[in-house]
Each structure stands twice: as structure tokens, then as C-alpha cells.
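The structure appears right after this line, and notes come after that.
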Amino acid sequence: GGAWGVTSAFSLWGSELVGALGGHPEHWTWWQRPGNAEMLAGPVLADKTSLTDIGIMIGAAVAASLGGTWALHRGIPWRTAVAAVLGGVLMGVGARLAGGCNIGAYLAGIASGSLSGWLWGAFALAGTWVGLKLRPLFGLGNPKPGDGVC
């Protein structure tokens, strides 16, 4: 067993892509650690976190379809697209540096009585504050107290 995780699959998928493009991620320090080398050498669908992530995406697509809210958005403003890509990359890097995302590092850390979970939460709040200050630079408004959904 172990804590529920999400982000390690993205490291695996990105490294598999680098390998397919001729790179050698197997030489990176991360993939030299015990357990990680086996994950990189095996098929992606043998990785439990990859299966979990794929299941989350399929489940979200099915739920959106059944709820009538599935939509492909076209004509997204370039500043919004840049903000989404930049935010995603920064969250991914942060998740790797922090040892996990809000599930594996934050919730599992707090549940196991670790100080690291509480530190993760404090820095997540600080990062949220910074993110809210940066949103207007990308043409995005900030949520207001009366908004039902951010």
C-alpha cells in the first residue's frame, strides 16, 4: 500500500516522451532511485498511478458528457492559453519539488502526522495568493466572494 498519488505518472509520461524522441531519461537521477528505474523500464499501463490518472480523466469526460457540459473551446485568447500552460508547468515542477501534489504530499502528509503536510499547505496558500495577483496580467479576473464557482 501507500498514499494515493497523482503526479508521478506525469513524470513517467514526460520521460517516456523524451525517450521516444531520442533522449535518455534513464540516466536522470530521479530514475536511478530504487523503484523508479523499474517504473520507467515497464509499460506505462503497468503503473498504478498512470491507471489512476487515466481513470480520473475518463471519469471526468463521462461525467461531463452525461451532465451535458462537455464542450471543446475554440478561440481561447492567447494570454489565457499562456497562463494555462505556464500554470500547469509550474504546478508540475512544484509537485515534483514538493514530493507530490495536494493528495500525496498534503493530505497524506497531514494524515500521517508529518510536519511536511502542514508546510505544504502553508506554501500552497502563499502560491495561491501569488497566482491571484498574477491573474490580471493574463486577462483573467479574480473570483469574488459571491461567485458560486471560481
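The values are calculated or read from the model by the stated rules, or taken from the named source; none is laboratory data. Because the structure is predicted, anything quoted here is derived from the model rather than measured. Methodologically, a virtual Cβ is constructed for each residue, glycine included, from the backbone with ideal geometry; neighbour enumeration extends over all protein chains shown.
So which residues in region 92-101 are surrounded by fewer than 18 Cβ atoms within 10 Å (Cβ to Cβ) and either more than 21 Å from ALA9 (Cβ to Cβ) or in contact with a helix residue (DSSP H, G or I) (Cβ under 9 Å, 6 or more places away or on another chain) (or both)?
Across region 92-101, the qualifying residues are GLY92, GLY94, ARG96, GLY99.
From the residues in region 3-21 that are part of a helix (DSSP H, G or I) and aromatic (Phe, Trp, Tyr), which one is nearest to GLY88 (Cα to Cα)?
PHE10
Considering only residues that are in contact with a Phe, Trp or Tyr (Cβ under 6 Å, 6 or more places away or on another chain) and of a type in the set (Lys, Arg), which ones fall in region 78-122?
Selection gives ARG79 alone.
Mind listing just one residue for me: the one in region 108-146 that is surrounded by 15 or more Cβ atoms within 10 Å (Cβ to Cβ) and free of Cβ contacts under 8 Å to residues at least 12 places away in the same chain and, of those, nearest to PHE10 (Cα to Cα)?
GLY109
Does GLU16 count as in contact (Cβ under 8 Å) with a residue 12 or more places away in the chain and surrounded by 10 or more Cβ atoms within 10 Å (Cβ to Cβ)?
The answer is yes for GLU16.
Identify, by number, the condition in (1) modelled with pLDDT of 90 or more; (2) over 27 Å from THR80 (Cα atoms); (3) aliphatic (A, V, I, L, M) that VAL130 doesn't meet.
(2)
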